[in-house]
Amino acid sequence: MTLLCSEKDIAPGTSRGFSLGESSCFVVKNHDDEIYVYVNSCPHLGVELEWVADQFLDGEGQLIQCSTHGALFLVDSGECVAGPCLGQSLKPIPFSLQDGNIIIEHNAG
């Protein structure tokens, strides 16, 4: 099990990235305080999504955005709705909330 952070560390409509050894992931909290965790890899080229630390969302905080080619993904499903990987999806990482902390399986990603 890996503790990523407290759910309070991520404001609604923001995101935060985490290193998992040789891979990485990111957490998104939508404007309804719902949390999602994904592998930090665009299905188009396998590149990491952000070019600025912790910036995984578009300007409105509504969609996940790949900084390389501008692909847009739904926060709640990871499905690509615009860009070169249309119809593909980000890989979700199962997580749990324990005492307000976001916990993933140790080998996730």
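The values are calculated or read from the model by the stated rules, or taken from the named source; none is laboratory data. Owing to the predicted nature of the structure, the values given are computational and were not obtained by experimental measurement. Here the Cβ positions follow ideal geometry from the backbone for every residue, glycine too, while neighbour counts run over all protein chains shown.
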(Q) So in the stretch 15-28, with the set limited to residues that are at pLDDT below 95 and not small (Gly, Ala, Ser), which one is nearest to Ser77 (Cα to Cα)? (A) Leu20
Q) So Ser67 fits all but one of (1) hydroxyl-bearing (Ser, Thr, Tyr); (2) in contact (Cβ under 8 Å) with a residue 24 or more places away in the chain; (3) farther than 18 Å from Lys8 by Cα; what number is the exception? A) (2)
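How many residues, within the stretch 64-109, are in contact with a Ser or Thr (Cβ under 6 Å, 6 or more places away or on another chain) and either of a type in the set (Ser, Thr, Tyr) or more than 19 Å from Gly46 (Cβ to Cβ) (or both)? Give the derivation first.
Restricting attention to the stretch 64-109, the residues satisfying the condition of being in contact with a Ser or Thr (Cβ under 6 Å, 6 or more places away or on another chain) are 78-79, 100-101, 103-104, 106, 109.
If we keep only those that are either of a type in the set (Ser, Thr, Tyr) or more than 19 Å from Gly46 (Cβ to Cβ) (or both) too, we end up with 100-101, 103-104, 106.
Result for the stretch 64-109: 5.
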Q: Filter the stretch 56-109 down to residues that are within 10 Å of the chain's Cα centre (by Cα) and β-branched (Val, Ile, Thr) and give me whichever is nearest to Val39 (Cα to Cα).
A: Ile93
Q: Keeping to the stretch 27-55, report how many residues are in contact with a Cys (Cβ under 9 Å, 6 or more places away or on another chain) and within 22 Å of Asp9 (Cβ to Cβ).
A: 8
